[in-house]
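Q: Have a look at this one.
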Amino acid sequence: MGKWAQVRCHCPNRIALPKSGLSDRPFARRRHLTAAQQREVEVWERDTKLMYECGHREGMLFQGWPGKILELCEAIRLVFIDEPDTFEICMRLGAWRSACSASMEETMTLSAEEAELWQLEAQELIASLELKGSVSFAKLRSLISVMWRFEIAAEMNVQRGLEQTWLGGYSSLALMKSGSEEFPDSNEKIVEICLLALEDINKFCAASIASGKPIEFYF
Ligand SMILES: [Zn+2]
């Protein structure tokens with residue numbers, strides 16, 4: 001899926017380098033390249049391709065696919081629905097589907113201030129998953145269980161040759177019927193997936209806090 005998230009840099013010289021566009025690749029039309037020409041292409045890819053004067057590729061401090069982050073936030077929204085103030089930003093993001101269809105937009109942004117809050121939420125969750133935080137064991141168990149179902153759904157989609165997609169709610173009939181209802185043996189793997197997503201949240205937040213620029217999501 002074409003989901004994307006990014007934080008722009010705030011450098012004064014945030015200007016694309018000349019000849020840095022994808023269509024500016026040297027020798028693009030040649031089928032055979034000499035070793036020297038090959039090197040020239042490699043240097044262009046490393047130093048010039050999509051590069052900005054300030055040294056940030058595409059003028060971005062941080063960017064990437066936010067699929068796992070969104071999945072985790074959706075799970076958090078389901079698990080903490082009775083405590084809407086606990087992980088406010090996670091839950092808002094977890095509702096991206098309905099928010100987008102309500103506003104007819106396919107983007108969401110978090111301000112740098114919201115990123116600061118979001119980072120605190122991520123840190124709280126990381127500490128809790130490492131059993132050093134304040135989230136109850138019961139809630140953690142639910143979170144892992146929901147994430148486990150999401151992961152099964154994603155795997156099923158991969159097997160079917162579909163792109164990784166959202167289930168839209170963990171109580172999906174197909175999933176409940178197909179998956180074993182035993183609690184996953186693969187707890188550790190799911191915790192690992194959660195922790196990786198939380199580390200990604202941390203990186204987006206750190207970039208936003210550093211630049212004062214929002215985190216932009218494109219769905
Ligand atoms: Zn920059």
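Q: With the checklist (1) surrounded by fewer than 19 Cβ atoms within 10 Å (Cβ to Cβ); (2) in contact (Cβ under 8 Å) with a residue 60 or more places away in the chain; (3) within 16 Å of the ligand (Cβ to nearest atom) in hand, flag the one item ASN13 doesn't pass.
A: Here ASN13 meets the rest and fails (2).
Q: Another question, if that's okay. Evaluate the following for CYS73: is it in contact (Cβ under 8 Å) with a residue 12 or more places away in the chain, touching a Gly at 6+ places or on another chain (Cβ under 8 Å), away from the ligand (no atom under 16 Å from the Cβ) and within 29 Å of ALA197 (Cα to Cα)?
A: When the stated conditions are applied, CYS73 passes them.
Q: Let me ask you something else. Test each condition in (1) assigned by TED's automatic domain parsing to the domain that holds LEU129; (2) surrounded by 17 or more Cβ atoms within 10 Å (Cβ to Cβ); (3) in contact with a strand residue (DSSP E or B) (Cβ under 8 Å, 6 or more places away or on another chain); (4) over 30 Å from GLU155 (Cβ atoms) for LEU93 and report the one that comes out false.
A: Condition not satisfied by LEU93: (4).
Q: Within the stretch 41-65, how many residues are more than 16 Å from the ligand (Cβ to nearest atom) and surrounded by 14 or more Cβ atoms within 10 Å (Cβ to Cβ)?
A: Selection size over the stretch 41-65: 4.
Q: Which one is farthest from LYS3 (Cα to Cα) among residues in the stretch 99-144 that are of a type in the set (S, T, N, Q) and modelled with pLDDT under 90?
A: Checking each candidate, the answer is SER103.
Q: Given the criteria assigned to a loop (DSSP other than H, G, I, E, B) and either within 15 Å of the ligand (Cβ to nearest atom) or surrounded by 14 or more Cβ atoms within 10 Å (Cβ to Cβ) (or both), does PRO18 qualify?
A: No, not satisfied.
Q: Going by what's in this entry, would ARG97 be described as under 30 Å from TRP118 (Cα atoms), assigned to a helix (DSSP H, G or I) and away from the ligand (no atom under 16 Å from the Cβ)?
A: Yes, satisfied.
Q: Within the set of pairs 6 or more residues apart or between chains, which connect a residue that is of a type in the set (Val, Ile, Thr) inside the stretch 205-219 to a residue that is buried (at least 21 other Cβ atoms within 10 Å of the Cβ) with Cβ atoms less than 6 Å apart?
A: Filtered contacts from the stretch 205-219: ILE209/ALA115; ILE215/VAL7; ILE215/LEU110; ILE215/ALA115; ILE215/PHE204; ILE215/SER208.
The values are calculated or read from the model by the stated rules, or taken from the named source; none is laboratory data. As the structure is a computational prediction, the values presented were derived from the model and not from experiment. Virtual Cβ from ideal backbone geometry, glycine too; neighbours counted across all protein chains shown.
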